[in-house]
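The structure appears right after this line, and notes come after that.
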Amino acid sequence: MDTNNVQTRVSDGASALMLEKARADCVETCFDRADAQKNQCSFGKSGVCCRICHMGPCRITPKAPKGICGATADTIAARNFLREVVGGTSAHSDHGRHLVLKLKEVAQGKAPGYRIKDEMALRRAAKLYGVAWEDREVNELALALCELFLGEFTAQEEYLQTLGLAPQKRIGVWNTMGIQPKGIDRMVVEAMHRTTMGVDHDYRNLLDHAFRVSLADGWGGARIASIVSDILFGTPTPVNSTSNLGVLRADTVNILIHGHEPALSEILTVAVADPEIIAYAKAAGAPAGITLAGICCTANEILMRHGVPVAGNVLQQELAIVTGAVEMMVIDVQCCMPSLPDVAKNYHTEIISTADIARTIGAAHVKVGGADPLKAAGDLIRRAIDNFKNRDAAKLSIPADREPLVAGFSVEAIKYMLGGRFRASFRPLNDAIIQNRILGVVGIVGCNNAKQQADSYTNILTKELIKRNVLVLQTGCAAIASAKAGMLRPEVALAEAGVGLREVCETVGMPPVLHLGSCVDNSRVLEAATEVVREGGLGDDLSMVPAVGVAPEWMSEKAVAIGCYFVASGIDVILGNPFYTSGSQNVNDYLHSGARADYGASFHLIEDPMAAVERIIEMLNQKREALGINRKAERKLFDMKDRRAM
Ligand code: SF4
Ligand code: MSK
C-alpha cells in the first residue's frame, strides 16, 4: 500500500479530500498513527504474548515454548481470545443494561423528558418472554419486563431466558455443548476468573466459554438492548436521509453526535427542533439554523428512528472535524477516539463527553440529565451555537459528497414489507429463496480498520453479492459504507441487482441492501434468520438456512463477540482480517474448522473481497444443496386442470 496516497487509505471522495486537508493543516489522524506503528508486534498479532501475571510478560517462541508458569501457546492464545469476547460482550451488554435502567426509571416516572414511545413493542416483547401483558397498564408491564431483563444480567443459577427466542434445535445444540449462559454479569466475571493466572489452561474449555459468553451478548445483552431501544424510542421503519461529510453545511451550526447509546441523542433530536433554539442559531449568524448529524452507531440509532443524517463511519470521526465546520462533537461510549480533542484543537470544535464511564482528556464533560434533560440538551446546543462565531472561514472546507439513503429495516418493518399489515410474514422471502430467485442472505457487518482501505472490501462485496441474487443485510459502519457508496438508494441497488433478486424486491417494494441498524443490532440479523426458520421450508435450524455473516473490515472486540455468537448460532462468518490466534495451531484450527463439528459453522479468513464472494456463493449453494432446493427457478404456468386441482 502506498501510504502517502490518500486514495489507498479511504474509498470515498469526501474522506480523501479531508485526509489531504488534514495533511495540509498538519493535523495528525489515525492513518498517520497507523503508519507510525510500522511493523506491529508479531507476538501480539499471533496472540502469544501473555501479561496476565507479573512474572511476565511472557512471549512464546520456538526457544521458549512455555511461559514462566508453564502456559503453552494454546492456553495463552485462548485466554487472550476469551478476554476479547468478554470486552465486546461487556460493551453491548452494559449498553443494554443502561437502557433497561432507563426504561425502569421511565416506568417509575423518574425520567423526565423520556416516555415509552412504542407500546406495541412493549407488548410484543412481553409476549415473547411470556410476561402477562393483556389488560396490563403500560408502566406496570414495563416494570415487570425490566425486572425480567435485569434478572438476565444478575442470574446466578438460571440460564438466560432470551435464549428461548432461538429455534428449538439450536437450543438443543447449546445444551449438548453445555454452553448455555447463565446471567450475563456472571458469565463475564467467570471469564475473567478462568483467564487469570493458574486457572483454566485447557484451550478447548476456554474457547467453549468464549462461545458461551458470546451467546450472553447476541442472545442476551445485545438483543435486550435492541428490544428496549424499540420500546423507548420506537421500532424503526424505513426512513429517508443522507450520508457522508457533505451533510455538514456552511450556513448552519453543525453538531455531531458520536458513539453508541441512543438515550442522549434522542433528547438532542427533540431539543434541536425547538423554534427558539433555531432562532438563536440564526441570530448567531447561521442563516439555515442547525444541522444535527451523526458518526458511527449513535448515527445509525437516530438515523433509523428520525432520519438524522449520517456524517460518516468510524474512520471519518477525525476527518469530520477537519472540515472546520463542526461547532461541537458530543461523544458517548465506544469507538470514540481519544485523539478527538487533539484534532479539535486545530479548529474551533468543542468535544463534549457525556457518559460518566467514558471521559476523554481534553474534552469538556457535561452530564445531560437531571430534572430537565430537555433543557440541559438545549443548553448544550446553545453552547454549540455560541461557538459558531469562532469558526474560521479560512479553515472551512466541506466536501460536496452527500448520498441519499433509505434505512430503518427492523425485523418488524421487513415483515410488513414482505406481507403487508395483515399478513406480515417472512413467507415471500422464504418462497423466493426456495424458488432460487434469491440465492441466500448475507449479513455484512462491522467496522473500518486503518489497516485496510476504508469501505473498499465492504463495497466490492455488497455490489457483487446483490449482482448474484444475494439479499444483503447490514449494520454498523458497514451499513454507512454502503450508504456513502449509494447502495442504500433502492433505485441504485436495484439497477445493480441480479434479475431474481430485483424481481422479488420490486414486487414487495424492498431494496436489495437493507440497513438493520447499529452494531448492537446484529441481534436483529439473528432475529431475521430465526423468522426464516420459523416460517418453514428452509430447515429447522439456523445452520440450515442459506445465510452467511461477513465482517470485512472489523477492528473492535465487539466484532469478535458478534462473530462468535453468529458461529455458535450456526452461521458461518467470513473475516476480512485475522484474529490474533495464529500463534496457536490448535486454537486457530478450532475457530476456523473444528467448531463446525460442534455448531455447524466456523470462521473463515478471506482477505480478498472477490475471493470472499466466490466462497460465499459456494457456501450458499452447499446449504441449498443440503435442503434440496438447489435447482433453477421453474416458472410453472398453471392450466385449468392444475387450477382445479389447487
Ligand atoms: Fe507468563 Fe504465565 Fe504469568 Fe502469563 S500467567 S505472564 S504465561 S507466568
Ligand atoms: S461503531 S464497533 S466501528 S461498527 Fe458501532 Fe462502527 Fe465497529 Fe464501532
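The values are calculated or read from the model by the stated rules, or taken from the named source; none is laboratory data. Keep in mind the model is a prediction, meaning the values are calculated, not measured. Quick reminder, even Gly has a Cβ in these numbers, built from the backbone with ideal geometry, and neighbours come from all protein chains shown. Areas reflect the complete protein model, heavy atoms only, side chains present, ligands, DNA and RNA absent. Shrake-Rupley method; radii C 1.70, N 1.55, O 1.52, S 1.80 Å.
Some values worked out for this structure:
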item: Residue in region 475-493 that is out of contact with any strand residue (DSSP E or B) (no Cβ under 8 Å at 6 or more places or on another chain) and more than 16 Å from ligand 2 (Cβ to nearest atom) present; result: yes
item: Helices (runs of 4 or more DSSP H) wholly inside region 264-383 containing at least 1 residues that are farther than 30 Å from V445 by Cα and open to solvent by 10 Å² or more (accessible area, probe 1.4 Å); result: 275-283
item: Condition met for R615 (under 24 Å from the mean Cα position of the chain (by Cα), over 22 Å from L82 (Cβ atoms) and at pLDDT 95 or above); result: yes
item: Subset of region 453-472 that is surrounded by 24 or more Cβ atoms within 10 Å (Cβ to Cβ) and not β-branched (V, I, T) - its residue that is nearest to P511 (Cα to Cα); result: L471
item: Evaluation of G87 against (1) open to solvent by less than 20 Å² (accessible area, probe 1.4 Å); (2) within 25 Å of the chain's Cα centre (by Cα); (3) in contact (Cβ under 8 Å) with a residue 60 or more places away in the chain (one fails), failing number; result: (1)
item: Residue, nearest to ligand 2 (Cβ to nearest atom), within region 47-84, restricted to residues that are β-branched (V, I, T) and part of a helix (DSSP H, G or I); result: I76
item: All positions within region 474-491 that are without any contact (Cβ under 8 Å) to a residue 60 or more places away in the chain and either within 18 Å of G312 (Cα to Cα) or open to solvent by less than 10 Å² (accessible area, probe 1.4 Å) (or both); result: Q474, S482, M487
item: Hey, D217 of a type outside the set (S, T, Y) and either surrounded by fewer than 24 Cβ atoms within 10 Å (Cβ to Cβ) or part of a loop (DSSP other than H, G, I, E, B) (or both) or not; result: no
item: Output for region 572-609, where each listed residue is surrounded by fewer than 24 Cβ atoms within 10 Å (Cβ to Cβ), away from ligand 2 (no atom under 16 Å from the Cβ) and in a loop (DSSP other than H, G, I, E, B); result: P578, Y580, S582, G583, G600, A601, S602, I606, E607, D608
item: Hits in region 37-51 (condition: over 17 Å from V587 (Cβ atoms) and either more than 11 Å from ligand 1 (Cβ to nearest atom) or of a type in the set (F, W, Y) (or both)); result: Q37, K38, N39, Q40, C41
item: Region 373-393 residues that are within 13 Å of A250 (Cα to Cα), paired with ones that are open to solvent by 10 Å² or more (accessible area, probe 1.4 Å) and among the hydrophobic types (A, V, I, L, M, F, W, C) (beta carbon under 6 Å, 6 or more apart); result: F388/A284
item: Some residue of region 85-93 being among the polar types (S, T, N, Q) and more than 16 Å from ligand 2 (Cβ to nearest atom); result: no
item: Test: residue in region 406-414 that is at pLDDT 95 or above, open to solvent by 20 Å² or more (accessible area, probe 1.4 Å), more than 16 Å from ligand 2 (Cβ to nearest atom) and over 27 Å from E301 (Cβ atoms); result: no
item: Per-region count, region 250-263, residues more than 21 Å from the chain's Cα centre (by Cα) and open to solvent by less than 10 Å² (accessible area, probe 1.4 Å); result: 4
item: Qualifying positions in region 544-571 - open to solvent by less than 10 Å² (accessible area, probe 1.4 Å), part of a loop (DSSP other than H, G, I, E, B) and within 15 Å of ligand 2 (Cβ to nearest atom); result: P552, E553
item: Residue check for I438: surrounded by 21 or more Cβ atoms within 10 Å (Cβ to Cβ) and at pLDDT 95 or above; result: yes
item: All positions within region 52-71 that are free of Cβ contacts under 8 Å to residues at least 24 places away in the same chain, more than 8 Å from ligand 1 (Cβ to nearest atom) and under 36 Å from the mean Cα position of the chain (by Cα); result: R59
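Conditions (1) open to solvent by less than 70 Å² (accessible area, probe 1.4 Å); (2) farther than 18 Å from H201 by Cβ; (3) modelled with pLDDT of 95 or more, marked per residue:
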| position | (1), (2), (3) |
| --- | --- |
| A24 | no, yes, yes |
| E28 | no, yes, yes |
| A34 | yes, yes, yes |
| F43 | yes, yes, yes |
| S46 | yes, yes, yes |
| R59 | no, no, yes |
| P65 | no, no, yes |
| D74 | yes, no, yes |
